[in-house]
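The values are calculated or read from the model by the stated rules, or taken from the named source; none is laboratory data. Since the model is a prediction, treat every value here as computed from it, not as a measurement. With ideal geometry, Cβ positions are generated from the backbone for all residues, glycine too; neighbour counts draw on all protein chains shown.
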Amino acid sequence: MIVEQIYTSCLSQGSYYIESNNEVAIIDPIREIDSYIKRAEKTGSKIKYIFETHLHADFISGHVTLAKKTGADIVFGPDVETSFNKLSAKDGQEFKIGDIKIVSIHTPGHTLESTTYLLKDQNGDDYAIFTGDTLFIGDVGRPDLSQNSEVDTKYLAGLLYDSLRNKIMTLDDKVLIYPAHGEGSSCGKNLSSETFGTLGNQKKTNYALRENMTKIEFIDELLDGLDEPPKYFPLNVLMNKNGYNDSKEVLKKNLNPLEPEKFEELISKRNAIVLDVRHQDEFAKAHIPNSIFIGLDGRFAPWVGEILEDVNIPLLIVAPRGREEEAITRLSRVGFDHTLGYLEGGVENWESNGKETSSIDSSEAFVLNDLENKSNKSILDVRSKNEHQNESISGSLNIPLKLINQSINQIDFKSKFFVHCQGGYRSMIAASILKKNGIHGFYDVKGGYNSIKNASLNI
């Protein structure tokens, strides 16, 4: 028996390859499917089943294209309506893969169809559970993503409590937990950086599995501090439900080099957003006016979804040379399939053709000591609410980056102000949005709150 976790860091997502006696099951595949096919070919194995723990909201699954390429059956939990053929697994239904079995356990709560898959080894012993977004390491899935308007969030939270206690916590402590996500995912509040663990350890350390926890306590703690889900989530659900184009087709269509004149023409004619995916320092030095920065070397795909929201919006890409294909591929992972092309030769070519550029003013952390108004500092903190509450500059205005678009009217500093996050990535995203909305007179704090702490400022 072979069990492999295939982790995609930019999505904070884990998919799984399970093999026994030349038969393979894939659980929660990402949109690019070649790695699963090549892995099976190494041992001359056949992909038999593609198990989906639920209709994913935060990324586009590879289930449809993988089934077309391999002939494998797609398996969902109960009551999922799709535009493609699939098997609807009943609670307790067994699926044979070589000498092992995978048992479907219906665990509603994150979504109504959420299903955990129990892997039984060749001896019939419980070996591992693949929990999707039902149970994470250190957390559980958010219960506010139902596409059924008649289903209440508290009701789903109650279902999740029952699923955890009646279906999962009854298993042996030695059973391994393989979730769909780790730290950084928006599908929970505080996921661990660890991507797998044991049920016994989670019973000891995960707040949601606390012994003697009542359902009311569970619901209250689960919903406390839960932010609104990203706007692109429902659009991803629809694509996973109704089907999508092969990622290779998207790449072929979207990987178009554009000279500056054509690039500029498309900005106005197609009302396209210019997405600059270079490093934040390069963006600060020079960028195309009104472009949005979201760098490839951060949590790129999730932030694209959070900030841009609409997967159908046309995009024009400014990327580091040689990384244009990577940018388009990673955009497609969250359903952004409408890239018109990329700027050939980058910003250097744009400038050499006499085109205007803009820049972001940056500041070293120690400059904050010179602020005149000590009682009401002109500082915008774009970290999360939890980060701000745990440690922050007294008097600073906290607007989490994910809320910046709808909170522009709150940014009303009377003089120059400073923008920071934890390390400098998110604040540059915020800075690009501020400039696009006509807000100027601010400085991005280099290195963010980390540099502020290291500078030992008396503020």
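Of the residues that sit in the stretch 331-367 and are on the phi > 0 side of the Ramachandran plot and not in a helix (DSSP H, G or I), which one is nearest to the chain's Cα centre (by Cα)? It comes out as G335. Residues that are free of Cβ contacts under 8 Å to residues at least 12 places away in the same chain and among the polar types (S, T, N, Q) within the stretch 147-189 comprise S149, N166, T170, listed in sequence order. Among the residues of the stretch 263-271, some residue qualifies, meaning at least one is surrounded by fewer than 16 Cβ atoms within 10 Å (Cβ to Cβ) and under 22 Å from L434 (Cα atoms). When V274 is tested against (1) surrounded by 18 or more Cβ atoms within 10 Å (Cβ to Cβ); (2) within 23 Å of the chain's Cα centre (by Cα); (3) touching a residue at least 60 places away in the same chain (Cβ under 8 Å), just one condition goes unmet, and that condition is (3).
Of all residues in the stretch 151-180, those satisfying the criterion of being in contact with an Asp or Glu (Cβ under 7 Å, 6 or more places away or on another chain) and at pLDDT 95 or above are L171, D172, V175, A180.
I'd like the residue in the stretch 170-198 that is of a type in the set (S, T, Y) and outside any loop (DSSP other than H, G, I, E, B) and, out of all such residues, is surrounded by the fewest Cβ atoms within 10 Å (Cβ to Cβ).
Step by step, filter the stretch 170-198, then rank; the result is T198.
Among strands (runs of 3 or more DSSP E) entirely within the stretch 6-60, having at least 3 residues that are free of Cβ contacts under 8 Å to residues at least 40 places away in the same chain singles out 46-51. The selection criterion, being more than 25 Å from the chain's Cα centre (by Cα), surrounded by 18 or more Cβ atoms within 10 Å (Cβ to Cβ) and of a type in the set (A, V, I, L, M, F, W, C), holds for F95.
Suppose we keep only residues that are part of a loop (DSSP other than H, G, I, E, B) and in contact (Cβ under 8 Å) with a residue 40 or more places away in the chain within the stretch 63-92. Which one would you say is nearest to A25 (Cα to Cα)?
This residue is A72.
Any chance the stretch 276-293 includes a residue that's in contact with a Phe, Trp or Tyr (Cβ under 7 Å, 6 or more places away or on another chain), among the polar types (S, T, N, Q) and farther than 14 Å from R323 by Cβ? Among the residues of the stretch 276-293, at least one is in contact with a Phe, Trp or Tyr (Cβ under 7 Å, 6 or more places away or on another chain), among the polar types (S, T, N, Q) and farther than 14 Å from R323 by Cβ, which makes the answer yes.
If you check T115 against the conditions, is it surrounded by 17 or more Cβ atoms within 10 Å (Cβ to Cβ), out of contact with any helix residue (DSSP H, G or I) (no Cβ under 6 Å at 6 or more places or on another chain) and free of Cβ contacts under 8 Å to residues at least 60 places away in the same chain? So T115 does not fit the description; no.
Among residues of the stretch 193-206 that are among the charged types (D, E, K, R), those with a beta-carbon under 6 Å from a residue that is modelled with pLDDT of 95 or more and not in a loop (DSSP other than H, G, I, E, B) at least six positions away or on a different chain give the pairs K203/L209.
For the residues I328, I404, I411, the requirement of being of a type outside the set (S, T, N, Q), on the phi < 0 side of the Ramachandran plot, outside the structural domain of K253 (by TED's automatic domain parsing) and buried (at least 21 other Cβ atoms within 10 Å of the Cβ) singles out I404. The helices (runs of 4 or more DSSP H) found entirely in the stretch 383-459 that carry 2 or more residues being within 20 Å of I292 (Cα to Cα) and under 27 Å from the mean Cα position of the chain (by Cα) are 425-436. Residues in the stretch 368-382 that are in a helix (DSSP H, G or I) and either aliphatic (A, V, I, L, M) or modelled with pLDDT of 80 or more (or both): L368 only.
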